[in-house]
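Report on the following structure.
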Amino acid sequence: MTAASVDHEPDELAYGTYNGFAYMPAMPGIAYRVLFHLIGTQKVGGRCLTTEHKIAKHFGVHRSLVGRGLNALILARMVFKENEAGGVYRLNPMFSGGRSIPEHLEAIGGLDPEDRLDVDDFQDRYDEAVALAELEKEQRKRARSAPGAAAEAKPVEAKPVKEETAGVLSLTDARRRSRRSPRR
């Protein structure tokens, strides 16, 4: 063994400290599956180049279910969305890997204190973020349904509908449907 082989830093991920797992909040089950998928497919620096559709196809579930899981991870500050259009996510450095131990520890050391996962009030911060997101969602919903909002809405042309697809499911039938995508 030569000194050159000992000092060589690998191009791929080789190190990680997963202390964040000690502080996992109570999130929807799909969030954990999505997190483990992102950890397994990450690039250097915790970058994850994927879409909700690709993850949903991997798990055989509907895209909206993956979106719910990603939203929970974002609210928990375990994953950050780098691109508003989607497709580029970054894992919190407390979950991501690195090429070397110093590189990984430097990434964790550079974290904003609000983004750290190893704090005692982690569940409270997550619950507060979820409550705030729900409040904002409700405010957007009310703004859309306000009397003035209807006047601002642009008319949408109705698309022709085939008779065999025009049926409307009852709420009971819709709830009975599987969330899994049909196998092709």
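Label positions at residue 123 and residue 41, each projected 7 Å from the Cα along the C-beta direction, are separated by 3.1 nm. Across the range 32-63, the residues whose backbone nitrogen lies under 12 Å from the label position 7 Å along the beta-carbon direction of residue 81 are 52.
Over the range 58-148, the fraction of Cα-Cα pairs per 5 Å bin, rounded to whole percents and listed from the shortest bin up, is 2, 12, 15, 19, 19, 14, 10, 5, 2, 1, 1, 0. Contact order, relative form, for the range 34-150: 24 percent (alpha carbon pairs under 8 Å, 6 or more residues apart, mean separation divided by residue count). Cross-linked pairs 54/141; 54/81; 57/137; 43/137: Cα-Cα separations exceed 22 Å for 54/141; 57/137; 43/137. Straightening the chain between residue 51 and residue 131 buys 26.2 nm, computed as 0.36 nm per residue apart minus the Cα-Cα spacing.
Taken one residue at a time, the phi angles of the range 113-130 give Karplus couplings (6.51, -1.76, 1.60, θ = phi - 60°) of x, 5, 8, 6, 9, 8, 10, 5, 9, 4, 5, 5, 5, 5, 4, 5, 5, 5 Hz. Gly and Pro are set to x.
Since every read-out is calculated from the coordinates, none of them should be taken as a lab result. Predicted model, so just to flag it, every value in this text is computed and none were measured. Positions of Cβ are backbone-derived with ideal geometry, glycine not excepted, and every protein chain shown enters the neighbour counts.
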